[in-house]
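Some notes on the structure that comes next.
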Ligand code: GLU
């Protein structure tokens, strides 16, 4: 009865997806509305859709749902693309923009009107309001009563008003139930009697959200719709439209929400800020991803893993059915693990701009190698911000007041002189040699390690908390340390 078939869309480069009728290949999508930044909740949805595609060797598609022209902005589109790129959630296809697909939506609506699967409705807002009021007064659930269905209008003898600007409504089935096996929540069914004839095009001709999603998922050959459970109410409507189009139903999988630690819906206060804010705050993308991966999914007791491992493990069967709680402490702990795993070189590249911004650029070029500094510090710095702060000790000028020679015992002063001499004799000493030298000096002068290490810390770095002193000396360079110590003792 219809000539409609899914039509492969083209992205900005003119590439069409490898759309396979029958959907032999897994195809997932992430479909954000660009009305704000990419926050952690949406990022988790994107991560799961991406990981599912990766796990099955399928395709991950990015679709920007920008039909809400009032609220969509180019800045928000860019923030979403930047957030995805930072996280490394790269789409295989897209981004596709709904605003560039208007012609296609119009074509499908025209065909549905021609086939009687949709119809024009001329009910005015005032009329609809009166209908709702009457239903409420009678104790019924307010819903559109189908008065402009062609046969009803004909039977009632009503004619389209000459100046009428109709909306287009989808003719929802009257009977039966819409049932689907949700990939996360299990079987869900809604009686068609609960649904009414949904508006699929407004009076100005623009298509509505639920309709565009269906046409897109159909055209793009989406096999698994993985999204937040705030969309569950849309699903039976979307399934009915898709069935009317003759499309193959994808698996729908609805992820529970993320709540704040207090059990409330996640808000800005809880960390529902842009993922790019997490970049600014010094999180590694793999740290945030690892944390988000576990926020609603589990693999036994495994907490710490890299993305290749996650994509190997990921499946909908181990997604949680109930809401997850965002926990900053845990995020820090997970990120600390990934800081430890990252190489000094990589951390140095990420930390250098932060130190440059703090005015330490020249000191960076004259001081010890930043990669070595990062390697030394990374086990105790949960974020790049913490690492940059700690690294500063190697680049800021040391206050001469931090070390007071007159307050030191004769033994400490003698050991320091011995250290200067010993290091001068071993200018290429590494941590092991430095450590052996320190032990000899402690023995010779009857001191314990903290008695010598503390004044040394103050003398070399101007603070009491530093990494192990033998490693600090090796990093600063034995000759340089020998000079600095000799000048003060
Ligand atoms: N654009 C919708 C949103 O941002 C998502 C639609 C969907 O995933 O089906 O919430």
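A few comments on the model shown:
- Taking a ≥ b ≥ c as the square roots of the eigenvalues of the Cα gyration tensor, segment 115-185 is classed as oblate, since a/c reaches at least 1.5 and a/b does not exceed b/c.
- Counted by neighbouring Cβ atoms within 10 Å, the residues 112, 454 run from fewest to most as 454, 112.
- Take the Cα radius of gyration of the chain and divide it by 2.2 N^0.38 Å, N being the number of residues; the result is 1.39.
- Dimensionless Rg over Rh [segment 78-153; C-alpha; Kirkwood]: 1.24
- Fewest-first ranking of 44, 269, 202, using other Cβ atoms within 10 Å as the exposure measure: 269, 202, 44
- For segment 74-201, the C-alpha radius of gyration divided by 2.2 N^0.38 Å, with N the number of residues, is 1.44.
- With the cut-off at under 18 Å, measuring from each backbone N in segment 458-483 to a point 7 Å along the Cα-to-Cβ line of residue 369 picks out 471-481.
- With a Förster radius of 60 Å applied to the beta-carbon distance between residue 436 and residue 181, the computed FRET efficiency rounds to 0.35.
- Per-residue Cβ neighbour rank within 10 angstrom, fewest leading, 39, 318, 445: 318, 445, 39
- Structure-based [θ]222 nm, the chain - -39500 (n - 2.57) summed over DSSP H runs of at least 4, per residue, nearest 500: -14000 deg cm²/dmol
- Rg/Rh for segment 173-324 (Cα atoms only, Rh after Kirkwood) is 1.03.
- Extension gain, residue 357-residue 380: 0.36 nm per intervening residue step, less the Cα-Cα distance, totals 6.0 nm.
- Taking the DSSP beta bridges with both ends in the chain, the antiparallel portion is around 50 percent.
- Percentage, to the nearest whole number, of Cα pairs in segment 255-354 over 16 Å apart: 60
- Stretched out straight at 0.36 nm per residue, the stretch from residue 35 to residue 479 would grow longer than its current Cα-Cα span by 154.0 nm.
- Rounded FRET efficiency, nearest 0.05, which uses the C-beta distance separating residue 151 from residue 249 and R0 of 30 Å: 0.60
- Spatial separation of Cα centroids for segment 419-452 and segment 192-259, in angstrom: 72
- For the chain, the longest principal axis of the C-alpha atoms and the axis of helix 74-87 are separated by about 50°.
- Cut-off 14 Å, label 7 Å out along Cα→Cβ of residue 341, residues of segment 270-307 by amide N: 284-294, 302-307
- Between residue 443 and residue 135, residue separation times 0.36 nm minus the direct Cα-Cα distance comes to 101.5 nm.
FYI, it's all coordinate maths here, none of it is from the lab. Values in this document were obtained by computation on a predicted structure and should not be read as measured data. Cβ: placed from backbone, ideal geometry, glycine included. Neighbour counts: every protein chain shown.
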